[in-house]
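Here the structure comes first, spelled out in structure tokens, and everything after it is commentary.
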Amino acid sequence: MGLYTYDGTFEGLLTVVFEAYERKTWPHTIEQEHLAQPSMFGQNIAVTTDEEKVSRVWKGLQKKLSVGALKALYHTYLWEQPGFEMLLFDYMKLAIDSKECIEDNYAASCVLRVQQAAKQMFREKHRMEAFVRFQKTADDLYYATISPDFNVLPLIIQHFEKRYADQRWVIYDTQRKYGAFYDLNAVTLVNLESQPDKRTSSAANNIFSEEEDKYKQLWQVYFDHVNIPERKNPKLHLRHIPKRYWKYLSEKQPRLQLETK
Amino acid sequence: MESRITEKLKILADAAKYDVSCSSSGGKRKNENKGLGNAEGMGICHSYTEDGRCVSLLKILLTNHCIFDCAYCVTRKSNDVKRAAFTVQEVVDLTVNFYRRNYIEGLFLSSGIFKNADYTMERLVRVAKKLRQEEKFNGYIHLKTIPGASDELIKEAGLYADRLSVNIELPSEMSLQQLAPEKNYSEILLPMGSIKDQLILAKEEKQLFKSAPAFAPAGQSTQLIVGASAENDHQILQLSNQLYKDYSLKRVYYSGYVPISSDNRLPIITEPPIIRENRIYQADWLMRFYGFNVQEIVDEQNPHLDLDIDPKLGWALRNRHMFPVEINTADYEMILRVPGIGVKSAKKIVSARRFTPLNFDNLRQMGVVLKRAKYFITCQTKTMYRQDFDSQTLKRRILFGDGSVRSSLLTQQLDLFKQVG
Ligand code: SF4
């Protein structure tokens, strides 16, 4: 048994799997290098990501697992909840050691937990695709911020790339401090210099286009008038949009009053 | 200027909201022209109203001026409400600007009839055409066809829209005569039939020529109002069943009548029949996804759905001889019929049992909810519960839990609900 450390990348984790088999030393803990506390028990093994090893492990997994299951592994990595490294390791080991395909064997706890993690990721991804709200800046950039429960930004890019092929947009994760920028050709991952939340504060309001408030207000008006008061059902409403998502939604913000001329 | 468009939006969203269909799924329009939007696959709910309904489309009327006088409709001629009309360009601008900000999946456009059917329909088509051709818009467009509009216009509408709907509203010819005297069944079914023919034709052409134009790729739907007229659930579900079969509708929507109108042709109710509407949706679901035949759900002897339990449980209680179901050996179809087990759980069970015989703990870990199911299943011939309760007892236990002292009180409340519905 040993403590394995890696560089925090998905490839790094695959390298850990390779090393563990090579040494026949199974990890009791896997941790990112900069977070790890050396363990007093067993070996401490620092793994360096190695492309060759990554590709051998990945090819081996491809033989055993469907594309859907491989995706679920990547999603569990992005899920980033405590213990995800060991969970992934257990899953991959089970897959490698079994003759049959294990991905539907929900009676095995790691299979079930990976599936649950993937489900949580799917849910959060879906919610972000639904609740992202763009604001148009004066220079025609559509700008949105998010702070999702899990690291889903890499998973939602494709959706927005297909949908908004003819407008420049940015989606910025304020918690993980990186964003995706689409420039009409391709998406690049960016770290913004200035704090984006400062840019959206009222002092800098003039960065948004003149129409922005108009459409925000029209949307609020629409939201209020599509409601049927006779059918009010706050419980159902909250189940669909838990309060922690309200911050994204302009229809859940105080009503804008535009000057009417 | 600003305030005028706000005012119009208020009036024309208000007037459109009673049409409950909101789905934006089933679209096949890909963004291939590097234009705006993509309506492939599943629709997204971008928000939810305070009554818990999905907000996916900008759902508005082009105008709420109307020459007809349908009793159940707020827009009817004799009703004293503010009237307004959007221009074609205003609808286009609203749709595009909402879409670009990720507020919506697309547009659901309907209208009161001003002047005549074709005059109105022509404008609806113009909105859709402009969106597709000038704005390169690939988002979802649902157009409601105006009763009495010409075949050519409906055909053209199908070229730009993802979905077309013809609302039947009232579940029988007789109610239609009473409540919407200007309309009749044949006039409604005619366009429905012609849309169906177009859909088939377009599909055949598509197989021959890849470049053949698509026709309403997300199909057609309709809406029935529940509780504004006297039809029972059996009549309603029979009608839907026929519509699914004969007109290959994608969806039938049910709208519990909201007492908005004081028209004296209508029943006096104080609250919309929400529970009944919900039960009808559940029954519709059973017909479409669970392999149930409409006769198994309601028939002449039992023309009403039970309001206090869902129709699947109702069926199980009437058919106790089919249970218990052995989870490890039963067909998928039968597992699907166990109360409390949905499509996802049934699929999981069938794939997991190939690896190992399942017990109740396995089921629980897999996320199968046993609250109801436990009374109807065995795992490796073991039961979790005595299975010899009679149906009444079973129903009580499921509704009120195992020690049901308060049950008499609650039964009274449920009876009250029943009256409302
Ligand atoms: S024709 Fe349509 S809009 Fe006009 S009153 Fe009848 S239901 Fe309402």
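The values are calculated or read from the model by the stated rules, or taken from the named source; none is laboratory data. In this text the structure is predicted, and so the values were computed from the model without any measurement. Cβ coordinates were reconstructed from backbone atoms using ideal geometry, including for glycine residues, and neighbour counts include every protein chain displayed.
Kindly provide the set of residues from the range B:34-48 that are assigned to a loop (DSSP other than H, G, I, E, B) and within 7 Å of chain A (Cβ to nearest Cβ), ordered by number.
Matches in the range B:34-48: B:34, B:35, B:37, B:38, B:44, B:45, B:46.
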**Asked** Is one or more of the residues making up the range A:104-125 out of contact with any Leu (no Cβ under 7 Å at 6 or more places or on another chain), basic (Lys, Arg), touching a residue at least 24 places away in the same chain (Cβ under 8 Å) and surrounded by 20 or more Cβ atoms within 10 Å (Cβ to Cβ)?
**Response** no
**Lone unmet requirement of (1) away from chain A (no Cβ under 14 Å); (2) more than 16 Å from the ligand (Cβ to nearest atom); (3) over 30 Å from residue B:232 (Cα atoms) for residue B:163** = (3)
**Asked** Before we move on, is residue B:171 assigned to a loop (DSSP other than H, G, I, E, B), within 16 Å of the ligand (Cβ to nearest atom), in contact with a Leu (Cβ under 9 Å, 6 or more places away or on another chain) and farther than 21 Å from residue B:118 by Cβ?
**Response** yes
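So that you can scan it fast, the table gives a plain yes or no per residue for (1) near the ligand (Cβ under 9 Å from one of its atoms); (2) buried (at least 22 other Cβ atoms within 10 Å of the Cβ); (3) assigned to a strand (DSSP E or B):
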position: B:50; (1), (2), (3): no, no, no
position: B:60; (1), (2), (3): no, yes, yes
position: B:69; (1), (2), (3): yes, no, no
position: B:73; (1), (2), (3): yes, yes, no
position: B:76; (1), (2), (3): yes, no, no
position: B:80; (1), (2), (3): no, no, no
position: B:91; (1), (2), (3): no, yes, no
position: B:104; (1), (2), (3): no, yes, no
position: B:108; (1), (2), (3): no, yes, yes
**Item:** Unmet requirement for residue B:158, which otherwise passes all of (1) in contact with a helix residue (DSSP H, G or I) (Cβ under 8 Å, 6 or more places away or on another chain); (2) within 16 Å of the ligand (Cβ to nearest atom)
**Value:** (2)
**Request:** Report whether or not residue B:258 is outside the structural domain of residue B:339 (by TED's automatic domain parsing), assigned to a loop (DSSP other than H, G, I, E, B) and either touching an Asp or Glu at 6+ places or on another chain (Cβ under 8 Å) or of a type in the set (Lys, Arg) (or both).
**Result:** yes
**Request:** Find the residue count for the range A:29-56, including only residues that are surrounded by 14 or more Cβ atoms within 10 Å (Cβ to Cβ) and touching a helix residue (DSSP H, G or I) at 6+ places or on another chain (Cβ under 8 Å).
**Result:** 10
**Message:** Please verify whether residue B:218 is among the hydrophobic types (A, V, I, L, M, F, W, C), away from the ligand (no atom under 16 Å from the Cβ) and more than 14 Å from chain A (Cβ to nearest Cβ), treating the condition exactly as stated.
**Reply:** yes
**Message:** Among the residues that make up the range B:268-284, is at least one of them at positive phi, of a type in the set (Gly, Ala, Ser) and away from chain A (no Cβ under 14 Å)?
**Reply:** no
